[in-house]
Amino acid sequence: MSDADNIADLVVKKLRADRLIDTETHRKHHEYIDVLISESRRRSARREQWIRAIGGYAAIAAIGAFFFALWEFAKSELRK
């Protein structure tokens, strides 16, 4: 074994000796964090989907308003 391996083994042993929570609790914490991350990703995806949908509707409404205004302008000009 090299010095690096010995140092790594000593560090691992020290970390295990000073562990404040057991392995099962640590695993459960990681599972909980994974759940939080997946929920956050789902919320972000849902938010992006809503933004795209609302942006599309806003664009359609803006185009419709433009053509309505153009139509009203054309009607008023043709009546003169």
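Tabulated data for the structure shown
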read-out: Reference-scaled alpha-carbon Rg (2.2 N^0.38 Å with N residues) for region 3-78; value: 2.63
read-out: Extension reserve of the I51-S38 stretch, reckoned as 0.36 nm per residue once the Cα distance is removed; value: 2.7 nm
read-out: The chain, dipole about Cα centre (Lys/Arg Cβ +1, Asp/Glu Cβ -1), debye to the nearest 20; value: 680 debye
read-out: Candidate lysines - alpha carbon under 26 Å from K14, same-chain residues fewer than 8 apart omitted; value: K28
read-out: Mean residue ellipticity (222 nm) of the chain, computed from DSSP H runs ≥ 4 via -39,500 (n - 2.57), nearest 500; value: -32500 deg cm²/dmol
read-out: Rounded to 10°, Cα long-axis angle of helix 23-78 versus longest principal axis of the chain; value: 10 degrees
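Computed from the coordinates by the stated procedures, all read-outs in this text should not be read as laboratory data. Every value quoted in this text rests on a predicted model; they were computed, and no experiment measured them. Heads up, the Cβs are rebuilt from the backbone with ideal geometry, glycines too, and the neighbour counts pull from every protein chain shown.
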